[in-house]
Amino acid sequence: MIRGSGAVVAAMSLILSGTAHGAASPRPSFDDLLANLKSPNAKTREDAASSLGKSRRREAVTPLAALVRDPEPKVRLEVVKALRELRDLDGVPALVTSLGDGDPKIRREAIEALVEMYAESPSTTPVENFLDIFSDEYDRASIPPYTAVDPSVYQGLAAALKDEEREIREKSALALGILDGRSVVKDLVAAVSDPEPGVRGAAATALGKVGTAEEGKALIPLLADESEGVRKRVLKALGVLEVKEAGPALRQMYEANRRKDFGLRVLACLSRVGDPGQGDLFRELIQDPDPERKRLAVEGLGRISDASMLGAFTKDYQRERNEELKLAYSFSLTLLGNRAFLDSLVLCLPSKTLGSRCRGYILEMGPEILPELYPYLNDPEADVRAELCDILAALGNAEAIPRLEPLVDDPSSKVADRANRAVERLKRSTVTGATRP
């Protein structure tokens, strides 16, 4: 009895103690958080902005956007972070405003938020990692082709290319590459003369994403840049843009580094630019014992359309045992007009080791190869049909839609799913009028 009474007393003491110290505060409701955005206490506004970002409720966007000019930098930063988490396009105007914020941390956060608004990238991926080394494929855009980026975003990022902070300029250049900023490509061309190598390299990478061969000419002087990192980025961009005028400078650079690892990187670019003046070098290198140099020479001769090699390449293909070299011959022979060799590239698409190279070759050939690809949509191998669905979607030509639609009912679920995605992507591209190389 006494022991029982003691337990009751102890329980009452705990209750009274809790009452004395105050019970835990209830979690603020959504409406409370909206009200807290107007609090005279900066910390309350900051906490409310943070919580609203985690709420995932788009109704929070407008009241949050109203605070992008809050007098307290910590509040403005939390607002931008919240808009980044919500990923709602209604928040874009506020983020563009934040590109001009007086606090560099806020400007940096705004750039990354805008990229995540439009690009199909994980929210944890930093901008520089997302674009730092772009794909060699000719589907160079990092946003879906049907995505319409608000023009104010391009203007805001272009202005940020002149920011006083090096990191802001660099991230802005990369962001313009990701977001397909062709409308402000002249600003990127100007940025290749930035005093900071990181910015020059980022601008070169972005030009490789959104520029043309004509604009790529501005990169040729950067082949002599003092920064090795810049030179590497320039080589990549010149190759993707096929800047033929870079041929002589690249040839000089290659001869100076012929037996070095860097020389192979230069040769890869030289092979891509398609300068007919380098035919003698490629004809020399197809005799090189190194398979990588030989491969690049074979590809280079195909790209410059050296028809004199057609007979020799056909014979060499039959004698070649190296699978990568056989594919290079197939690629060049197809470019030179013998479309029968396209067969080797298409049938090798499912290969784990060589499939990506075949995909790159086919995409490089562009939409003109489409008529030769369509028959393979009936290939007995499901993996071949599935890979072709992806390629037709990447080539972005709406005429492929009626060819793909029957595969939506393919007996292979893999093919059916990929065909469905390809059809939907091409339809969206047609609606928005979006076209990309």
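Restricting to the range 141-181, what's the tally of residues that are in contact with a Gly (Cβ under 8 Å, 6 or more places away or on another chain) and basic (Lys, Arg)?
Total satisfying the criteria: 1.
Among the residues in the range 49-66, are any over 29 Å from Ala148 (Cβ atoms) and in a helix (DSSP H, G or I)?
Yes - at least one qualifying residue is present in the range 49-66.
Of Ala204, Ala173, Ala213, which residue is at pLDDT 95 or above and surrounded by fewer than 24 Cβ atoms within 10 Å (Cβ to Cβ)?
So the residue among Ala204, Ala173, Ala213 that is at pLDDT 95 or above and surrounded by fewer than 24 Cβ atoms within 10 Å (Cβ to Cβ) is Ala213.
Given the structure, is Leu223 modelled with pLDDT under 95 and either surrounded by fewer than 23 Cβ atoms within 10 Å (Cβ to Cβ) or small (Gly, Ala, Ser) (or both)?
The answer is no for Leu223.
Checking the structure you have, find out if any residue of the range 299-309 is basic (Lys, Arg) and closer than 17 Å to Gly360 by Cα.
yes
Search the range 129-149 for residues being closer than 17 Å to Ser172 by Cβ and surrounded by fewer than 17 Cβ atoms within 10 Å (Cβ to Cβ), and hand back the single one that is modelled with the lowest pLDDT.
Asp132
Go through the range 353-377 residue by residue and tally those that are part of a helix (DSSP H, G or I) and among the β-branched types (Val, Ile, Thr).
2
Consider only pairs whose beta carbons are under 7 Å apart and that are at least six residues apart or on different chains; among these, list those whose first residue lies in the range 171-184 and is within 15 Å of Gly216 (Cβ to Cβ) and free of Cβ contacts under 8 Å to residues at least 60 places away in the same chain and whose second residue is surrounded by 24 or more Cβ atoms within 10 Å (Cβ to Cβ) and among the charged types (D, E, K, R).
Every condition considered, the pairs that remain are Gly177/Lys209.
Quick check: is even one residue across the range 378-400 more than 20 Å from the chain's Cα centre (by Cα), free of Cβ contacts under 8 Å to residues at least 12 places away in the same chain and assigned to a helix (DSSP H, G or I)?
Scanning the range 378-400, I find at least one residue that is more than 20 Å from the chain's Cα centre (by Cα), free of Cβ contacts under 8 Å to residues at least 12 places away in the same chain and assigned to a helix (DSSP H, G or I), so the answer is yes.
Filter the range 166-196 down to the residues that are not in a helix (DSSP H, G or I) and not charged (D, E, K, R) and list them by number.
Result: Leu179, Gly181, Val192, Ser193, Pro195.
Going through the range 329-349 one residue at a time, which ones are under 22 Å from Arg385 (Cα atoms) and assigned to a helix (DSSP H, G or I)?
Ser330, Phe331, Thr334, Arg339, Ala340, Phe341, Leu342, Asp343, Ser344, Leu345, Val346, Leu347
Scan the range 315-347 residue by residue and report those that are exposed (fewer than 15 other Cβ atoms within 10 Å of the Cβ) and small (Gly, Ala, Ser).
Gly337, Ala340
Please give the number of the condition Val230 fails out of (1) farther than 29 Å from Thr147 by Cβ; (2) surrounded by fewer than 20 Cβ atoms within 10 Å (Cβ to Cβ).
(2)
Could you list, in sequence order, the residues of the range 384-410 that are in contact with a Phe, Trp or Tyr (Cβ under 7 Å, 6 or more places away or on another chain) and farther than 18 Å from Leu347 by Cα?
Arg403
For Arg357, indicate whether it is among the basic types (Lys, Arg) and under 25 Å from Gly311 (Cα atoms).
It is true that Arg357 is among the basic types (Lys, Arg) and under 25 Å from Gly311 (Cα atoms).
The values are calculated or read from the model by the stated rules, or taken from the named source; none is laboratory data. Please read all numbers here as calculations on a predicted model, not as lab measurements. Neighbour counts are summed over all protein chains in view; Cβ atoms, including those assigned to glycine, are modelled from backbone coordinates with ideal geometry.
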